[in-house]
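Student: Handing you this structure, nothing more for now.
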Amino acid sequence: MKFAFIIDPLAKLDPTHDSSVAMMESAGNLGHEVYITSINELSVVGGKAYAHLQKISLKPVKLVDNHWKAEENWYLLEESTFLPLESYNAVFMRTDPPVNTPYLYATYILDLIDPKKTKVVNSPQGIRAANEKMYALQFPSVIPDTIVTQSKSVIADFLSQKEALILKPLGGKAGEGILFLQQGDRNFNSLIEISTKQGKEPIMVQEYLPSAKEGDKRIILLNGKPIGAVNRIPTGKEFRGNMAVGGRVAQTDITERELNICEILAPKLIEDGLFFVGIDVIGGYLTEVNVTSPTGIREIDLLNNVNLGQDVINAIAF
Ligand SMILES: Nc1ncnc2c1ncn2[C@@H]1O[C@H](COP(=O)(O)OP(=O)(O)O)[C@@H](O)[C@H]1O
Ligand SMILES: [Mg+2]
């Protein structure tokens, strides 16, 4: 089979950490052809989605001292060709947020791919439907107390009912712009002004869950089913658990309650074409549904001695 991956520049990817690289590597190991492109290499010609693509061969990472190790020259690229994306069996849209205007335009180009010919992961309609922070609001029974607003007075009222809050920009990732706010904070006005861009942009405001100290669990769902999980534990000096800000990864299991969250989400994820998703769960509460380029595969593979990339590829290439 032929797989196309729409990714960020390779120089930005860490082969020992990035789930896109893990999936490309698995596809290659399973005997499939892998091609890469990026959102600014997409075109529409004759009503069809086209891209400049390069065939890529990957040198698989190796386990050294219980860590993944990549060779210095970990990939080999061939000449670029301009082809319709429908000539591939599957297209993985794996560009990192922000979901900005060029990103959205790319999803409209991917809309032109006939799903009977080529599976797009995740579906462009699904990516547009699911803001990574706001999508969770559709599952009110499993999320912490949450509001979305740009109003200082609405936030002040919410804070008066809670000991502490977490402020989240709606388009962030990897802990970017996440703020902790507690009652009596002398920076209250300033923090709200900065994060709402002077009241011009709504943010998510969530009750602070003290169990975040024990970790922010990433659960990977494939077609609505959980296939693996990893816990990310904040270091003592940082309240955020994200790996990008130094969160320590730790082996973990999926609890009954977390399985239940996955079951609640599954029908909607499937309906929205969200085939490969990473949810974040803190203390048994759903806090985020990552649909653009969720990570975690390398860490789960290492800690649980599995190969999730292979599971994802096999679920498409059956
Ligand atoms: N409600 C919450 N209570 C406590 N900590 C939180 C809460 N929501 C998020 N966090 C912390 O902030 C980090 C980032 O939050 P998240 O909503 O996953 O956004 P993103 O990962 O996209 O930056 C989490 O890893 C967690 O440590
Ligand atoms: Mg997160």
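None of the figures in this text is laboratory data; all of them are computed from the coordinates on show. Predicted model only: the values in this text are computed from it and were never measured. Note: ideal-geometry Cβ built from the backbone for every residue, glycine included; neighbour counts use all protein chains shown.
Student: Out of A164, A27, A51, any idea which swings most in a Gaussian network model of the chain, alpha carbons joined below 10 Å?
Tutor: Sorting by GNM fluctuation, first place goes to A164.
Student: Sum -39500 (n - 2.57) across every DSSP H segment of at least 4 residues in the chain, then divide by the residue count to get the 222 nm mean residue ellipticity, nearest 500.
Tutor: -7000 deg cm²/dmol
Student: Using just the alpha carbons, could you tell me how many Å³ per residue the convex hull of the stretch 59-100 encloses?
Tutor: 174 Å³
Student: Just to confirm a number: summing +1 for Lys and Arg and -1 for Asp and Glu over residues other than P169 whose beta-carbon lies under 14 angstrom from that of P169, what do you get?
Tutor: In short, +1.
Student: In degrees, nearest 10, range 0 to 90: what is the angle between the Cα axis of helix 152-161 and the longest Cα principal axis of the chain?
Tutor: 70 degrees
Student: Continuing with the same structure: Along each of its three principal axes, how wide is the spread of alpha-carbon positions in the stretch 91-164, in whole angstrom units, largest first?
Tutor: 53, 27, 16
Student: Taking only Cα atoms and a 10 Å spring cutoff, compute GNM fluctuations for the chain and point out the largest among G199, G284, G184.
Tutor: Most flexible of the set in this elastic network: G184.
Student: Mind checking the full-extension length gain between D253 and R128? Use 0.36 nm per residue of separation minus the Cα-Cα distance, one decimal, nm.
Tutor: 41.9 nm
Student: What length, rounded to one decimal in nm, is gained on full extension from K69 through to S57, with 0.36 nm per residue of separation minus their alpha-carbon distance?
Tutor: This chain segment gains 2.6 nm when fully extended.
Student: If you consider only alpha-carbon coordinates, what radius of gyration and Dmax does the stretch 145-208 have, in Å?
Tutor: In order Rg, Dmax, the Cα atoms of the stretch 145-208 give 10.4, 28 Å.
Student: Now, a different point. Please report the antiparallel percentage of the DSSP beta bridges confined to the chain, to the nearest 5.
Tutor: That works out to approximately 80 percent antiparallel.
Student: Additional query: Counting only other residues whose beta carbon sits under 12 Å from that of T196, what net charge do I get with K and R as +1, D and E as -1?
Tutor: Residues close to T196 contribute a combined charge of +2.
Student: Calculate, in whole percent, how much of the Cα-Cα pair population of the stretch 2-125 lies beyond 18 Å.
Tutor: Summing the P(r) of the stretch 2-125 above 18 Å gives 51 percent of all pairs.
Student: Counting only residues 5 or more places away or on other chains, whose amide H sits under 5 Å from the amide H of S38 once H atoms are built in the peptide plane?
Tutor: Under 5 Å from the amide H of S38: I7.
Student: What is the list of residues in the stretch 25-68 whose amide nitrogen lies under 20 Å from a point 7 angstrom out from the Cα of L76, following Cα to Cβ?
Tutor: Backbone N within reach: 25-37, 53-62.
Student: Let's see if you can work this out: charge +1 on each Lys and Arg Cβ, -1 on each Asp and Glu Cβ, no other charges. What is the dipole magnitude of the chain about its Cα centre, in debye to the nearest 20?
Tutor: Its charge dipole is roughly 240 debye.
Student: Let me ask something else about it. Please report the net charge: other residues with Cβ closer than 15 Å to the Cβ of K133, K and R +1, D and E -1.
Tutor: -4
Student: Based on the Cβ-Cβ distance of E238 and N314, what FRET efficiency does E = 1/(1 + (r/R0)^6) give at R0 = 30 Å, to the nearest 0.05?
Tutor: Efficiency, rounded to the nearest 0.05: 0.20.
Student: Right, next: List the lysines whose alpha-carbon lies under 28 Å from that of K217, not counting same-chain residues fewer than 8 positions away?
Tutor: Here the lysines satisfying the reach criterion relative to K217 are K12, K62, K69, K133, K162, K168, K173, K225, K237, K268.
Student: Something else: Which value, in debye to the nearest 20, describes the size of the charge dipole of the stretch 194-318 about its Cα centre when Lys and Arg Cβ atoms bear +1, Asp and Glu Cβ atoms bear -1, and nothing else is charged?
Tutor: 420 debye
Student: Restricting things to Cα coordinates, could you compute the convex hull volume per residue of the chain in Å³?
Tutor: Considering the Cα atoms of the chain, their hull volume per residue is 137 Å³.
Student: Something else now. Once you put a point 7 Å from the Cα of K152 and another 7 Å from the Cα of N40, both along the Cβ direction, what distance in nm separates them?
Tutor: 3.8 nm
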